[in-house]
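Trainee: Pasting in a structure now, in structure tokens, and then I'll have a few things to ask.
Just so you know, all these numbers are worked out from the coordinates, no wet-lab data involved. It should be emphasised that the depicted structure is a prediction, and the values quoted were computed from it without experimental measurement. As a convention, Cβ positions derive from the backbone with ideal geometry for all residues, glycine included, and neighbour counts pool all protein chains shown.
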């Protein structure tokens, strides 16, 4: 089964090809990706306080737009830096239009995820809609991002690991959305927690 040039298979197909088993990851780029994601998370949690402190609806929405750009841009940058950290014994290039599309997707999903959280009194459906938007955005961004790869190799997705990645995205979103609410209040202890919390 295939979608966007990605193929799903429980086992690699039999044929004359071979598996690339000598792949590695650049540790330095992995660290940079982690720092980018943590910095974006820290900024978003700072903006949560701004959103909560804004009395005018228009001001809250502007902060939501800015936080969505920070979240979406940070996640997209982290994703591609981590992909560049992947080193294989073949040449890998990236298609520019297909690389830009995931950025638009995650920005839209981040905005849809942030707007419900701008409500002064949050209820369960606000958390649910925000989490759903972010999870779907993360999954779509990842698949579109991998589809941008151009090489001689054929990429196959193992269905179990694919579903596990979606589950991890769901779990991290379920943890992050309540944290966004937690950091809407300002005090010294919460400020100190923003940086480690941003790494989620």
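Trainee: Obtain the nm distance between the two label points defined at residue 156 and residue 35 by a simple spin-label model: each point lies 7 Å from its Cα along the Cα-to-C-beta direction.
Mentor: Taking the simple label geometry, residue 156 and residue 35 are separated by 3.8 nm.
Trainee: Kindly give Rg over Rh for the stretch 111-180, based on alpha-carbon atoms, with the Kirkwood expression for the hydrodynamic radius.
Mentor: Details: Rg = 15.1 Å, Rh = 13.6 Å.
Taking Rg over the Kirkwood Rh, I get 1.11.
Trainee: Highest mean first, how do 39-49, 141-151 rank when packing is the count of other Cβ atoms within 10 Å averaged over residues?
Mentor: 39-49, 141-151
Trainee: Take peptides 110-119, 95-104 and line them up by average Cβ neighbours within 10 Å, highest first, as a rough protection proxy.
Mentor: Final packing ranking: 110-119, 95-104.
Trainee: If you don't mind, another one. For the stretch 24-198, how big is the tail of P(r) above 23 Å, as a whole percent of Cα pairs? Numbers along the way, then the final one.
Mentor: On the way: 6459 of 15225 pairs.
It works out to 42 percent of all Cα pairs.
Trainee: What ranking, highest mean first, results for peptides 80-88, 155-163 when packing means the other Cβ atoms within 10 Å averaged over each residue? Write out the running numbers ahead of the final one.
Mentor: Numbers: 80-88: 16.2, 155-163: 12.4.
The densest-packed peptide leads the list: 80-88, 155-163.
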